[in-house]
């Protein structure tokens, strides 16, 4: 991909920092949204320029998008507002932000301008036969997180404005470099002295190494077809029991199987539902169309032998 100007929302986050690192390594200029001064150093040390703002500073989003060739929208308002926030509020914030970014991209009159948004493979309804699901699978209408509506909106608005728009659908577990949800589950296991899986833990989930996910965004920017979504999926056969047993072993606590009812008494409903949500997002489209090849270590090995071994050493130990 030719050297371009990239504006990234969520640039100071877990995936955003890796994406920024890789984009700069390819010779691109990166400006990243940063909500507070304390986060600016995360970007400057990578060679990017921090831009003060958030998803509700619409003037900043518009002006930065107008100067960019590519806008990559990683930020999720839900993370800042809290998981108990009504999702309609999250969608409204995201829609206004997308409107501003599209208006900025459109203002240059350059047909090559690109917007890449973010969703999740969990937005697909699980296959009734347990098979992998493609990007064309029906939406999971039973999910309380209706993030698929954000992609539908962004696609409609951008295409109407003549902006090339695509979506990366992240796996429920983005992992590696000792961060993200796995670190959170490890912290929870250390605090509660147990790693919980639910109803036998046979639920399978989709995982992707953070480095592979970051590379996919750049491939989508370079080769993706406008109007299309691409699953960021590395593995699809890992069970929740395997995950929690690996976490338990690394943290040094037992793994415990609980019924959904008993788990709900110990954990917020959001996390219980997450642990029982079957998801097997296929990566065939990204592999065949873009040449994407996930190469990161598998999630179980990464927990037991990789970056999360060091994370475990930082966790509080029982006296």
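Taking 45, 164, 280 as the candidate residues, the one with maximal mean-square fluctuation in a Gaussian network model of the chain, Cα springs under 10 Å, is 45.
What is the distance in Å between the Cα centres of segment 278-319 and segment 205-251? With segment 278-319 and segment 205-251 each reduced to a Cα centre, they are spaced 7 Å.
For segment 231-282, what does the alpha-carbon gyration tensor say about shape, rounded, prolate or oblate, given a ≥ b ≥ c as the root eigenvalues, a/c under 1.5 as rounded, and a/b over b/c as prolate? Mind showing how you got there, number by number?
Values: a/c = 2.54, a/b = 1.27, b/c = 2.00.
It is oblate, given that a/c is not under 1.5 and a/b is not larger than b/c.
Our Cα-only numbers for segment 8-51 put the radius of gyration and Dmax at 8.9, 27 Å. Over all Cα atoms in segment 278-319, the spread is summed up by Rg and Dmax: 16.2, 53 Å.
From the P(r) of segment 76-140, could you give the percentage of C-alpha pairs in the tail past 21 Å? Present the calculation step by step, with values, prior to reporting the outcome.
On the way: 998 of 2080 pairs.
So the pairs more than 21 Å apart make up 48 percent of the total in segment 76-140.
Shape of segment 1-143 from its Cα gyration tensor (a ≥ b ≥ c, root eigenvalues): rounded if a/c is under 1.5, otherwise prolate when a/b > b/c, or oblate? Note, shape of segment 1-143 comes out prolate.
Could you grab the Rg to Rh ratio for segment 112-179? Cα atoms only, Kirkwood for Rh.
Computed over Cα atoms, the ratio is 1.04.
Remark: segment 191-319 projects, on average over all directions, an area of 9.1 nm² (convex hull of Cα atoms). Share of pairwise Cα-Cα distances greater than 19 Å in segment 145-201 is 57 percent (whole percent). Output the 0 to 90 degree angle, nearest 10, between the alpha-carbon long axis of helix 87-107 and the longest principal axis computed from the alpha carbons of the chain. Long axis of 87-107 versus the principal axis of the chain: about 30 degrees. With each label modelled as a point 7 angstrom along the Cα→C-beta vector, the residue 89-residue 257 pair spans 3.9 nm.
For segment 72-111, count all C-alpha to C-alpha pairs, find those more than 16 Å apart, and express that count as a whole percent of the total. Write down the numbers at each step before the final one.
Numbers: 333 of 780 pairs.
Result: 43 percent of Cα pairs exceed 16 Å.
Viscosity 1.002 mPa s, temperature 20 °C: what is the translational diffusion coefficient of segment 159-266 from Stokes-Einstein with a Kirkwood Rh over Cα pairs, rounded to a whole number of µm²/s?
Details: Rh = 15.7 Å.
Translational diffusion coefficient: 136 µm²/s.
Just checking the listed ones, 121, 207, 44: in the Gaussian network model of the chain with Cα springs under 10 Å, the one fluctuating most is 44. With no solvent and one point per C-alpha, what does the Debye sum give as log10 I(q)/I(0) for segment 75-223 at q = 0.15 Å⁻¹? So the normalised log intensities work out to -0.96.
Ignoring everything except DSSP H segments at least 4 long, calculate the 222 nm mean residue ellipticity for the chain; use -39,500 (n - 2.57) per segment, divide by total residues, nearest 500. Walk me through the numbers on the way to the answer.
Numbers: 14 runs with 142 residues, N = 319.
So the helix-based figure for the chain works out to -13000 deg cm²/dmol.
Could you estimate the translational diffusion coefficient of segment 203-246 from the Stokes-Einstein equation, with Rh from the Kirkwood formula over C-alpha pairs, at 25 °C and 0.890 mPa s, in whole µm²/s?
On the way: Rh = 12.0 Å.
For these conditions, the coefficient is 205 µm²/s.
What is the order of 34, 143, fewest Cβ neighbours within 10 Å to most?
On the way: 34 23, 143 17.
Arranged by neighbour count, lowest to highest, 34, 143 become 143, 34.
Suppose R0 equals 22 Å; then what is the FRET efficiency for residue 79 and residue 58 from their Cβ-Cβ distance, rounded to the nearest 0.05? It comes to 0.70.
Largest first and in whole Å, give the semi-axes of the chain's equivalent ellipsoid, each being the square root of 5 times a Cα gyration tensor eigenvalue.
33, 21, 19
Read-outs throughout are calculated quantities, based only on the coordinates presented, and are distinct from any laboratory measurement. Fair warning: this is a prediction, and the values are worked out from it, not measured in the lab. Cβ sites come from the backbone with ideal geometry, for glycine too, and all protein chains shown count toward neighbours.
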